[in-house]
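Please treat every number below as a calculation from the coordinates, not as lab data. Only a predicted model underlies this, so the values are computations on that prediction, with no experimental measurement involved. All Cβ positions, glycine included, derive from the backbone under ideal geometry; neighbour counts span all protein chains shown.
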Amino acid sequence: MTPIAPREETYPAKAVAAPARREPAGDDLIELLFFAYRDFVGDPDRILADYGFGRAHHRVLHFVDRYPGLTIAELLDILRITKQSLNRVLKDLIGQGYVVQQPGMIDRRQRLLSCTESGAGLAADLTRVQARRLARALASPDATASPEDFLMAMIEPEDRPAVRRLMARRTVRRTSGEGA
C-alpha cells in the first residue's frame, strides 16, 4: 500500500511562515494557573515530605478531615482515582495513625473514614499554609484587577519576574481555524 502524502492546503505556507503573535488572554490564564498551582501545592508538599507523604495523601486528608464518616466509595468518587491508588494512600495514613476506618452502622461492609487527632492537626497545618497564600494573593493591590493578576499574586514573589520573562518568550501555535 502506498502512503498518502499530506494535502498541500492542509499546511498553508502562510500559516507556517507567519510570525508569532500574542495569544488570547485565555492562554495566559492557563499558563498562570500552572504556576499558581505549582506554588499553591508546593507549600503543603514541603510539609508532607517530612512525613513521607505526597499530594495524594494531602487530598485524602483534606476530604476525610472535612467529611468525617466519608465512605471509601464517596472518596473514590470525589478524587476520581483508582481503588488501588486510594488503598495505597489509605494504608499509609491508617498505618501511621492519621486516619481511622470503622464499619458502617447500617451496612457493616462499608468503611467509614475519619481523621485521628493527629490527622486533623496535619490537615489543619496544610490548610493553614494554603489559606495564607490565598490571603496574600487576595490582599495584593492588583489581585482584583483581573484573573491573571490574581494568579500572578499566587506565585512566589521572587519567581514572578521569571514567569513574566518566560511568558513573554512564548510563541503561538496556529490552529487550522485561525485567520491570518
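Structural remarks
- Take 101-112, 31-42 and order them by the average number of nearby Cβ atoms within 10 Å per residue, most first; the result is 31-42, 101-112.
- Global size of segment 24-169 as Cα Rg and Dmax, reported in angstrom: 18.3, 60
- Extension gain for D77 to A49 (0.36 nm times residue separation, less C-alpha to C-alpha distance): 7.5 nm.
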